[in-house]
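What follows is a single structure, written as structure tokens, with notes after it.
The values are calculated or read from the model by the stated rules, or taken from the named source; none is laboratory data. Note that the structure is predicted; figures quoted are calculated from it, not measured. Using ideal geometry, Cβ is built from the backbone for each residue, glycine included, and neighbour counts are taken over all protein chains shown. Please note that ligands, DNA and RNA were not included when accessible areas were found on the heavy atoms of the full protein model with its side chains. Shrake-Rupley method; radii C 1.70, N 1.55, O 1.52, S 1.80 Å.
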Amino acid sequence: DGQAELLTTIYPVMEATYAALRGSGFRVLLADVDGWIIGSIPPADAALYHSWSEKELGTNGIGTSIATGRPIQVKGPEHYCHELHEFTTSAAPIFNRKNRLVGALALIGLWSEDHSHVLSMLTKAASKTMDQLKIQEKNRQLITCNQRLTNIFNTMSDGVLIITADGTIEIVNPAVEGILGKTTDELSGTHLTDILGDKIPFTVRMLREGKPYDQIEVLIDSPHGRIHCLASAQPSHDENGNITGGIIVVQSMNKVHNLVNYFSGRRAQFTFDKIIGRSVKLLEAIAIARIASRNTSNVLLQGESGTGKEIFAQAIHNESSRAPGPFIAINCGAIPRELVGSELFGYGDGAFTGAKRGGKPGKFEVANGGTLFLDEIGDMPLEAQVVLLRVLQNKCVTRIGDSKEIPVDVRIICATNKDLLQEVEKGNFREDLYYRINVISIIIPPLRDRTEDIPLLADHCLTRLDSTGRSFTDLMGPEVRACLQRYPWPGNVRELQNILERLVLLAGDGRVRMADLPPEVRAFSGASDTREAGDVNNAAAPVSGFEQQPHKQEIEQMVAEEESARIITLLRQNQGNVSQTARDMGFSRVTLYRKMQRYGISRGDI
């Protein structure tokens, strides 16, 4: 501990001080910062090992020196404690490198002895001790710095070679082994030309002229073939400025490509905490998705357009063990039919007219070690489905126009807004592929089935759209809010975002009026005089997806049921607090009481 270290450091000084005073009857003491004696020459009995602080003994050389931070000598009757009146106590404080008091060096002897030179001797001895403490602290810092640099050197993902002035490899870090395919013993002591060949003009110039270089492409022969790398180097110099060698940093081009993929957006941004909503159906979907994130099984996300299927896919990836790997998304319905295969599986050199020279990896290869998200899987052509099934079974990809199989380690998440079983019955989707991708099925509810989440979603959107900081309740009155919650939202969350952006622009600094709402939304205001027949017909028109859009009466019934259930849930959560429940619903207390009466909600339901 600190006391043991202090005693070890100062003990030689104490011995030298005692040797200069040997036979005079003086005793050399070392006290810690609290005045406790931790060392004595010659050794003393246990009675001496107590606290000499001013708090315990009053005025005395040791305690007063510690209290004032200055050398001091206290003679005979000057001591507060009567037992010390026949002694003279002298002490000098000891400070560490940070100028923090760590103890005191002291001499104690009979008052009758000559003490004229003692304080000067102690001050010099304390000064010598402080110099020693500073040296020790510097040594500790150097050791720590060296350990840190060694750890950095050994854990760097880039290969590092330290070479001498004649190009001999002196030290390499472990990453070089993985990049070059040679062990540290094989590399150390060899000449750089044995690794880079004779094409090392930049390194030769660095060793001759001291010119560094950066990001130079080199081809390195290894037991596994030629390796394409980027090399950078800095010369090293001695105290006279002479070149003593250099440091070469080598990066594999595979790593460079991975970095390009990362910064080009091929990564997942969303997590489960970014999914907005508290409805039961949404929370059930999130719970299943969290289970899916803990394994590598294929996942099928089913939901209408605009419900946030890719957000779920990204969240599953980010909470899985594959989170450090790439997240590659491809929309099967947005790619021309004839290009789906080459996009997914890649193509070889000369596979077709216009093909890139040397070929091109497909999305499966790019997603290796990560997740591949196949959106709108129901729109994939049958011929591509055959190849996809084979890849899922064999875990290997064969590029178009090539025969070489490339192992891939990819987790598949698919999404669709179609009923795939119906597509199977129609012959548009392979049944065997359906069961292969539908290991974990997650149905993401449409917005009309979770209208209680609309205020939360709206507030989240408004933080980005409205610079004034207004909330959903601030911006829109009760009539407008009720209308938005009645509307069936065929475009789901995406449509809600678009309409909110329009309303913020129309509202300006005021509030949104009913007249600001689009006609198709205004048709669900509940007021017969504001609804046109054409609006109602349009609103009742079916939409694509898993089910037909219900008619207006059915929608109103659904809204009422959802609203009633939401009120009961919030009242229970808020322990019957009507005011808080009204705020959560975006209503006034009067409105909430009226709705409770309309839906027959009583205290017994809470």
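Going by the conditions given, is residue 378 among the small types (Gly, Ala, Ser), more than 30 Å from the chain's Cα centre (by Cα) and at pLDDT 90 or above? Break it down stepwise before answering.
Working: among the small types (Gly, Ala, Ser): yes; more than 30 Å from the chain's Cα centre (by Cα): yes; at pLDDT 90 or above: yes.
When the stated conditions are applied, residue 378 passes them.
Please work out if residue 46 is farther than 23 Å from residue 136 by Cα, open to solvent by 20 Å² or more (accessible area, probe 1.4 Å) and out of contact with any strand residue (DSSP E or B) (no Cβ under 8 Å at 6 or more places or on another chain).
Considered against the rule, which asks whether it is farther than 23 Å from residue 136 by Cα, open to solvent by 20 Å² or more (accessible area, probe 1.4 Å) and out of contact with any strand residue (DSSP E or B) (no Cβ under 8 Å at 6 or more places or on another chain), residue 46 comes out as yes.
If I ask for residues that are within 15 Å of residue 362 (Cα to Cα), of a type outside the set (Asp, Glu) and not in a strand (DSSP E or B), which ones from the stretch 400-429 would you list? 401, 403, 404, 408, 410 - these are the residues of the stretch 400-429 that are within 15 Å of residue 362 (Cα to Cα), of a type outside the set (Asp, Glu) and not in a strand (DSSP E or B). Each residue in the stretch 393-425 was checked for being of a type in the set (Asp, Glu), surrounded by 13 or more Cβ atoms within 10 Å (Cβ to Cβ) and over 38 Å from the mean Cα position of the chain (by Cα), and 2 pass. When the residues of the stretch 570-599 are filtered to those that are part of a loop (DSSP other than H, G, I, E, B) and touching a residue at least 40 places away in the same chain (Cβ under 8 Å), the one that is most open to solvent (accessible area, probe 1.4 Å) is 588.
Would you mind listing the helices (runs of 4 or more DSSP H) fully within the stretch 448-491 where at least 1 residues are within 23 Å of residue 303 (Cβ to Cβ)?
Here the list reads 454-465, 478-486.
Is it the case that some residue within the stretch 50-59 is among the small types (Gly, Ala, Ser) and under 30 Å from residue 139 (Cβ atoms)? Please lay out each step first, then the result.
At the first step, the residues of the stretch 50-59 found to be among the small types (Gly, Ala, Ser) are 51, 53, 58.
From the residues that got through so far, the ones that are under 30 Å from residue 139 (Cβ atoms) too are none.
No, that holds for no residue.
For the stretch 150-185, residues that are within 27 Å of residue 208 (Cβ to Cβ) and part of a helix (DSSP H, G or I) total 4.
For the stretch 305-318, the criterion of being farther than 14 Å from residue 443 by Cα, open to solvent by 50 Å² or more (accessible area, probe 1.4 Å) and at pLDDT below 95 is met by none of the residues. Residue 143 meets each of the listed conditions (1) assigned to a helix (DSSP H, G or I); (2) under 30 Å from residue 65 (Cα atoms) apart from (2). Residue count for the stretch 492-522 under the criterion of being farther than 17 Å from residue 452 by Cα, touching a residue at least 12 places away in the same chain (Cβ under 8 Å) and not aliphatic (A, V, I, L, M): the result is 10. Listed conditions (1) within 30 Å of residue 310 (Cα to Cα); (2) modelled with pLDDT under 80; (3) aliphatic (A, V, I, L, M); (4) in contact with a Gly (Cβ under 6 Å, 6 or more places away or on another chain) are all met by residue 606, apart from (1). Selection of the stretch 28-61 for residues being among the β-branched types (Val, Ile, Thr) and over 53 Å from the mean Cα position of the chain (by Cα) yields 28, 41, 59.
Within the stretch 321-329, can one find any residue that is part of a helix (DSSP H, G or I), surrounded by fewer than 22 Cβ atoms within 10 Å (Cβ to Cβ), polar (S, T, N, Q) and on the phi < 0 side of the Ramachandran plot? Don't jump to the end; show me each part of the working.
Going through the stretch 321-329, the residues part of a helix (DSSP H, G or I) turn out to be none.
No, that holds for no residue.
I'd like to know if the stretch 461-484 contains one or more residues that are within 21 Å of residue 285 (Cβ to Cβ) and touching a residue at least 60 places away in the same chain (Cβ under 8 Å).
Keep residues of the stretch 461-484 that are within 21 Å of residue 285 (Cβ to Cβ), which gives 461.
From the residues that got through so far, the ones that are touching a residue at least 60 places away in the same chain (Cβ under 8 Å) too are none.
There is no residue in the stretch 461-484 that is within 21 Å of residue 285 (Cβ to Cβ) and touching a residue at least 60 places away in the same chain (Cβ under 8 Å).
Sub-6 Å Cβ pairs linking a first residue in the stretch 76-96 that is more than 21 Å from residue 10 (Cβ to Cβ) and without any contact (Cβ under 8 Å) to a residue 40 or more places away in the chain to a second residue that is charged (D, E, K, R) and open to solvent by 20 Å² or more (accessible area, probe 1.4 Å), at least 6 apart or interchain, are 88/75, ordered by first then second residue.
Test residue 288 against the criterion of being open to solvent by 50 Å² or more (accessible area, probe 1.4 Å), closer than 21 Å to residue 420 by Cβ, in contact (Cβ under 8 Å) with a residue 60 or more places away in the chain and part of a helix (DSSP H, G or I), and give yes or no.
On the way: open to solvent by 50 Å² or more (accessible area, probe 1.4 Å): yes; closer than 21 Å to residue 420 by Cβ: yes; in contact (Cβ under 8 Å) with a residue 60 or more places away in the chain: yes; part of a helix (DSSP H, G or I): yes.
Here the answer is yes, as residue 288 does meet what is asked.
Being under 23 Å from residue 11 (Cβ atoms), open to solvent by less than 30 Å² (accessible area, probe 1.4 Å) and of a type in the set (S, T, N, Q) is not true of residue 64. Selection over the stretch 499-540 of residues that are at pLDDT below 50 and more than 46 Å from the chain's Cα centre (by Cα) gives a count of 12.
Can you name the residue in the stretch 291-304 that is among the hydrophobic types (A, V, I, L, M, F, W, C) and in a helix (DSSP H, G or I) and is also least open to solvent (accessible area, probe 1.4 Å) among such residues? Before the answer, list the steps.
So in the stretch 291-304, the residues among the hydrophobic types (A, V, I, L, M, F, W, C) come out as 291-292, 299-301.
Narrowing further to those that are in a helix (DSSP H, G or I): 291-292.
Numbers: 291: 88, 292: 0 Å².
Only one residue fits best here, namely 292.
The C-beta contact set for the stretch 231-250 (first residue closer than 19 Å to residue 174 by Cβ and modelled with pLDDT of 90 or more, second residue polar (S, T, N, Q) and open to solvent by 50 Å² or more (accessible area, probe 1.4 Å), distance under 7 angstrom, 6+ apart or interchain) comprises 247/234. Across the stretch 175-197, the number of residues qualifying as loosely packed, with under 15 Cβ neighbours inside 10 Å, of a type outside the set (Gly, Ala, Ser) and under 21 Å from residue 151 (Cα atoms) comes to 3.
For the stretch 275-285, a tally of residues being closer than 10 Å to residue 443 by Cα, open to solvent by less than 40 Å² (accessible area, probe 1.4 Å) and either of a type in the set (Val, Ile, Thr) or out of contact with any strand residue (DSSP E or B) (no Cβ under 7 Å at 6 or more places or on another chain) (or both) returns 1.
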